[in-house]
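**Q** Below is a structure I'd like to ask you about.
The values are calculated or read from the model by the stated rules, or taken from the named source; none is laboratory data. Computed from a prediction, not measured in an experiment: that's the story for all the values here. All Cβ positions, glycine included, derive from the backbone under ideal geometry; neighbour counts span all protein chains shown. When the accessible area is computed, the model is the full protein with side chains, heavy atoms only, and any ligands, DNA or RNA have been set aside. Shrake-Rupley method; radii C 1.70, N 1.55, O 1.52, S 1.80 Å.
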Amino acid sequence: MQQFSIGDPSAVASARRGIGTLAASLGFDVEDAGRAALVATEIGTNLVKHGGGGELIAQKISRDNRIGLELLGLDKGPGMEDVSRCLRDGYSTSGSPGTGLGAMERLSQRFEIYSRLGRGTAVLAQLWPDSREPPPSPTQIGALVVPKPGEVACGDCWCHHERVEGVLVAGIDGLGHGLGAEQAATEACRIFEAEKHRPVSRLMQSLHDGLRPTRGAAVTLLEVDWDAGRITSLGVGNVAAAMINGTETKRIATDNGIVGHVISRPRELTYSCQPDTVLVLHSDGLTANWQADRYPGLIQHHAALIAGVLYRDCRRGRDDSLIVVIRRTPP
């Protein structure tokens, strides 16, 4: 993952070079890497011209054994009154030719915008080599993992295992931050990978046993069975989880403790869910006072765009940040 703070045209140029290099490192050929760099340039330029500056995040994505690139442009500027109108070539509010958003949409395999007047804009672009998007997975996941400002190591991470009926997801927050927290989180992901076929209660016990030599972590496990309309949750510590149904947000309980050091007998909780339920999992690097009804229409968007908007508005800025958004892939 790479972050770029975009406040002026020189920062746009730096982001273009960085994202072109990142795309090449992911296996994009010269033409595809150039495509990614052009989309990054257009996103960055719009952040400067229309958003009053903002943030551009680039990260690797994978699906069906293929590697792609995801770009998120986030600002808190004046926003757009009519997104569909802004996407049409020739429409501009700044005297430019008005082809930037349309060009980004044509160059990307997935392109979405969420914007509200006075509340800013979020842009999602996903690009794949040869302009071929892999077939969709049954579960759509969008996630961001960002280290504490000034840190390189990050103690937050997530991992998942897709199943025929749904998905198992773990949100992990290594105690504290820095290298020790990262080591705990990395070990938790290793254990998850080895034990992912176990029931969630057994998996949590394996995590507790395996993290004893580390400083420990907060862990929340979510097991989703879309066909049965059921979510099973098991959480220890402050990795928060919530279910969104329409505009209603329901928090999922977790128990106190530190996995690897002090846990009581964690509660395995079961909730019913609908085909369009959206799940949000996040560390305490984000505030927990968000509500879905503050974001009209956002829940209809891709999970990655939802994650980007909540990260933009809810990050504390003084700790590692993790947010994972999970939903059944729309038909």
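**Q** Just give me the residues in the range 121-149 being exposed (fewer than 14 other Cβ atoms within 10 Å of the Cβ) and of a type in the set (Ser, Thr, Tyr), in sequence order. I'd like the intermediate steps shown before the answer.
**A** First pass over the range 121-149, keeping only residues exposed (fewer than 14 other Cβ atoms within 10 Å of the Cβ): 130-132, 135-137, 149.
Within the range 121-149, Ser131, Ser137 meet the criteria.
Each row is one residue, and each column tells you yes or no for (1) of a type in the set (A, V, I, L, M, F, W, C); (2) part of a loop (DSSP other than H, G, I, E, B); (3) in contact with a helix residue (DSSP H, G or I) (Cβ under 7 Å, 6 or more places away or on another chain); (4) more than 26 Å from Ile306 (Cβ to Cβ).
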residue: Gln3; (1), (2), (3), (4): no, no, no, no
residue: Ala23; (1), (2), (3), (4): yes, no, yes, no
residue: Gly27; (1), (2), (3), (4): no, yes, yes, yes
residue: Val39; (1), (2), (3), (4): yes, no, yes, no
residue: Glu42; (1), (2), (3), (4): no, no, yes, no
residue: Val48; (1), (2), (3), (4): yes, no, yes, no
residue: Glu55; (1), (2), (3), (4): no, no, no, no
residue: Ala58; (1), (2), (3), (4): yes, no, yes, no
residue: Ser62; (1), (2), (3), (4): no, no, no, no
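**Q** OK, next. How many residues are open to solvent by less than 70 Å² (accessible area, probe 1.4 Å), polar (S, T, N, Q) and over 22 Å from Ile252 (Cβ atoms) when one looks only at the range 182-224?
**A** 1
**Q** If Val280 passes every condition in (1) open to solvent by less than 10 Å² (accessible area, probe 1.4 Å); (2) outside any helix (DSSP H, G or I); (3) farther than 23 Å from Ser201 by Cα; (4) among the hydrophobic types (A, V, I, L, M, F, W, C) but one, which one does it miss?
**A** (3)
**Q** Could you please find all residues in the range 1-33 being surrounded by fewer than 16 Cβ atoms within 10 Å (Cβ to Cβ) and in contact (Cβ under 8 Å) with a residue 60 or more places away in the chain?
**A** Met1, Gly27, Asp29
**Q** Can you report the number of residues in the range 268-277 which are open to solvent by 10 Å² or more (accessible area, probe 1.4 Å) and either closer than 24 Å to Gly77 by Cα or of a type in the set (Ser, Thr, Tyr) (or both)?
**A** Number of matching residues: 3.
**Q** A follow-up question, please. For the range 177-202, what are the residues that are touching a Gly at 6+ places or on another chain (Cβ under 7 Å) and among the aliphatic types (A, V, I, L, M)?
**A** Correct list: Ala181, Ala184, Ala185, Ile191.
**Q** When the range 79-103 is examined, which residues are found to be modelled with pLDDT of 60 or more, farther than 16 Å from Arg35 by Cα and in contact with a Lys or Arg (Cβ under 9 Å, 6 or more places away or on another chain)?
**A** If the condition is that a residue be modelled with pLDDT of 60 or more, farther than 16 Å from Arg35 by Cα and in contact with a Lys or Arg (Cβ under 9 Å, 6 or more places away or on another chain), then Gly79, Met80 are the ones that fit.
**Q** Which one of these is surrounded by 17 or more Cβ atoms within 10 Å (Cβ to Cβ), among the hydrophobic types (A, V, I, L, M, F, W, C), modelled with pLDDT under 95 and in contact with a strand residue (DSSP E or B) (Cβ under 6 Å, 6 or more places away or on another chain): Ala288, Ala303, Ala292? Full working, then the answer.
**A** Details: Ala288 fails: surrounded by 17 or more Cβ atoms within 10 Å (Cβ to Cβ); Ala303 fails: modelled with pLDDT under 95.
So the residue among Ala288, Ala303, Ala292 that is surrounded by 17 or more Cβ atoms within 10 Å (Cβ to Cβ), among the hydrophobic types (A, V, I, L, M, F, W, C), modelled with pLDDT under 95 and in contact with a strand residue (DSSP E or B) (Cβ under 6 Å, 6 or more places away or on another chain) is Ala292.
**Q** Within the range 49-64, take every residue that is open to solvent by 40 Å² or more (accessible area, probe 1.4 Å) and free of Cβ contacts under 8 Å to residues at least 60 places away in the same chain and give me the one that is farthest from Gly100 (Cα to Cα). Steps first, please.
**A** Of all residues in the range 49-64, those open to solvent by 40 Å² or more (accessible area, probe 1.4 Å) come to 49-50, 52, 60, 62-64.
Okay, now just the ones that are also free of Cβ contacts under 8 Å to residues at least 60 places away in the same chain, so 49, 52, 60, 62.
On the way: Lys49: 12, Gly52: 17, Lys60: 23, Ser62: 26 Å.
Taking the candidates together, the pick is Ser62.
**Q** So, in the range 234-265, of the ones that are without any contact (Cβ under 8 Å) to a residue 60 or more places away in the chain and in contact with a helix residue (DSSP H, G or I) (Cβ under 8 Å, 6 or more places away or on another chain), which residue ends up most open to solvent (accessible area, probe 1.4 Å)? Walk me through how you get there before you give the answer.
**A** Just the residues of the range 234-265 that are without any contact (Cβ under 8 Å) to a residue 60 or more places away in the chain, to begin with: 234-236, 240, 242-257, 261-265.
From what is left, the residues that are in contact with a helix residue (DSSP H, G or I) (Cβ under 8 Å, 6 or more places away or on another chain) are 234, 236, 244, 246-249, 263.
Numbers: Leu234: 6, Val236: 1, Ile244: 3, Gly246: 50, Thr247: 98, Glu248: 120, Thr249: 26, Ile263: 39 Å².
Going through the qualifying residues, I end up with Glu248.
**Q** Oh, and also: Considering only the range 158-212, state which residues are of a type outside the set (A, V, I, L, M, F, W, C), more than 28 Å from Pro138 (Cβ to Cβ) and assigned to a loop (DSSP other than H, G, I, E, B).
**A** Gly176, His177, Gly178, Arg212, listed by residue number.
**Q** Moving to a separate point now. For residues that are among the aliphatic types (A, V, I, L, M) and free of Cβ contacts under 8 Å to residues at least 40 places away in the same chain, scanning just the range 137-184, find the one that is farthest from Arg198 (Cα to Cα). Spell out how you get there, then give the answer.
**A** Going through the range 137-184, the residues among the aliphatic types (A, V, I, L, M) turn out to be 141, 143-146, 152-153, 164, 167-170, 172, 175, 179, 181, 184.
Now drop any that are not free of Cβ contacts under 8 Å to residues at least 40 places away in the same chain, which leaves 152-153, 164, 179.
Numbers: Val152: 33, Ala153: 29, Val164: 15, Leu179: 29 Å.
The extreme case among them is Val152.
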